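The values are calculated or read from the model by the stated rules, or taken from the named source; none is laboratory data. Predicted, not measured: the structure shown is a model, and the values here were computed from it. Neighbour counts run over all protein chains shown; Cβ positions are idealised from the backbone, glycine included. Each accessible area value is taken on the protein alone, full model and side chains, heavy atoms only, with ligands, DNA and RNA left out. Shrake-Rupley method; radii C 1.70, N 1.55, O 1.52, S 1.80 Å.
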Amino acid sequence: MNLQQFNQLSVAEAELRLRPCVNIAAWIAAVIAARPFSSSDAALAVAWQAAQNWRSEEVSLALAQHPRIGERAKGMEQDAQFSAREQAAVNAQDTELAQALQAGNQRYEAQFGQVFLIRAAGRDGFAILRELERRLKNSAEQERQETAEQLREIVMLRFKELLSDE
């Protein structure tokens with residue numbers, strides 16, 4: 001959909017389109033309330049600003065929708081399609097890499113009590129593994145901040161893609 005089409009959606013339709021970007025009600029409401037947008041850049045600026053105000057609980061709930069790195073999202077809904085495209089370069093066919101990612105995911109979840117989240121778009125599996133190993137050295141607070149930042153990056157890519165679909 002393009003920007004003009006997004007601007008013209010009903011509130012309920014806009015909510016349905018935005019939820020796969022991230023299921024954070026306050027973010028969705030802020031983006032919808034700011035319509036109509038004069039440009040995609042204006043829409044992205046509002047979305048970015050709204051994402052700065054996320055609470056830890058909201059980020060935690062949003063993480064529940066993300067598959068582990070190296071695993072494919074189930075279903076054909078928009079969020080699963082976003083995830084599949086984002087993780088396309090992970091190369092699940094490389095058994096050694098897949099095992100290292102799985103082991104890293106397990107260590108991360110044991111240490112931080114949540115799924116490891118990273119903007120996978122633009123990164124291959126080895127770059128993701130290096131980032132996973134680096135982030136295992138983070139404190140809980142550092143990781144909370146880094147996870148929120150990664151989620152913001154993912155959301156912005158998804159929102160941009162949503163507005164650019166013809």
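Per-residue accessible area for residue 123 at 1.4 Å probe radius, Å² rounded to 10?
50 Å²
Could you rank 95, 147 by how accessible they are, 1.4 Å probe, largest area first?
Final ranking, largest accessible area leading: 95, 147.
If each DSSP helix of 4+ residues adds -39,500 (n - 2.57) and the sum is divided by the residues in the chain, what number results at 222 nm, nearest 500 deg cm²/dmol?
The helix contribution divided over the chain gives -19500 deg cm²/dmol.
Can you give me the three principal axis dimensions of the chain from its C-alpha atoms, in Å, biggest first?
48, 33, 24
Order 115, 31 by their accessible area, 1.4 angstrom probe, all chains in place, largest first.
Heavy-atom accessible area, descending, gives 115, 31.
When the accessible area of the chain is computed with all protein chains present and a 1.4 Å probe, what percentage of it is carbon and sulfur?
Reported share for carbon and sulfur atoms: 50 percent.
Calculated FRET efficiency, residue 94 and residue 149, Cβ-Cβ r, R0 35 Å, to nearest 0.05?
0.80
Label points 7 Å out from Cα along the Cβ direction at residue 139 and residue 60: separation in nm?
It works out to 2.0 nm between the two label points.
So with the 1.4 Å probe, I'd like the accessible area per residue for the chain, rounded to whole Å².
53 Å²
Just to verify a number: FRET efficiency for residue 130 and residue 34, C-beta to C-beta distance, R0 = 41 Å, to 0.05?
Result of the calculation: an efficiency of 0.65.
Just reorder 152, 17, 158 by solvent-accessible area, largest first, 1.4 Å probe, all chains present.
Per-residue accessible area, sorted high to low, gives 17, 152, 158.
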